[in-house]
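Report on the following structure.
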């Protein structure tokens, strides 16, 4: 099964994300926007895992999460990944003041691996950009109230690709202290 590690954005934060996506739709680019029900913060994309690998990943993720505590995240900056000149994805940079998110990310990267990228919340994937400098300039000019929420659970998430887009479901959730 195709899996990644992350945590979902709570319902209360979704209207601000939707408003940002609507503003991005006015930019000179063609994007595939993340559906509201799929909004999440990514820690690592694992790809295809067999049954044994799922069990091993669950055990490792349980240990990483058992060593961590609940935390409060703030998303207050939009970024283009990998950079302004070669933008492929528009994301919100996600931070926390306690350092718990960084410890969690480092634990996932060290103990589980996969395609671990710094924590981010994907707004859209860019299909085509007609004017890269205008997109970068426009994204820099977007201001918004920071999106804040508490995180008490991390999940191993299954991603099933379909014609209407991906469907995400929690394979197993792991509570933080």
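FYI, it's all coordinate maths here, none of it is from the lab. Note that this is a predicted model, so its numbers are computed, not measured. All Cβ positions, glycine included, derive from the backbone under ideal geometry; neighbour counts span all protein chains shown.
Normalising the average separation of contacting C-alpha pairs (under 8 angstrom, six or more residues apart) by the number of residues puts the relative contact order of region 2-175 at 34 percent. Angle of helix 100-111 to the longest C-alpha principal axis of the chain, folded into 0 to 90 degrees and rounded to 10: 70°. When only Cα pairs below 8 angstrom with a gap of at least 6 residues are kept, region 35-120 shows a relative contact order of 41 percent. Modelled spin-label separation between residue 36 and residue 169, with each label point placed 7 Å from Cα along the Cα-to-Cβ direction: 2.3 nm.
Summing -39500 (n - 2.57) over the DSSP H runs of n ≥ 4 in the chain and dividing by its residue number, what mean residue ellipticity at 222 nm do you reach, to the nearest 500 deg cm²/dmol? Write down the numbers at each step before the final one.
On the way: 4 runs with 49 residues, N = 177.
-8500 deg cm²/dmol, from helical runs alone.
Rounding to the nearest 10 and keeping the result within 0 to 90°, find how far the Cα-based axis of helix 14-24 lies from the longest principal axis of the chain. It is inclined by approximately 40 degrees.
Which angle between 0 and 90 degrees, to the nearest 10, do you get for helix 51-66 versus the longest principal axis of the chain when only C-alpha atoms count? The angle comes out at about 90 degrees. Going from the fewest other Cβ atoms within 10 Å to the most, the residues 29, 122 appear in the order 122, 29. The residues 40, 72, when put in order of fewest to most other Cβ atoms within 10 Å, stand as 72, 40.
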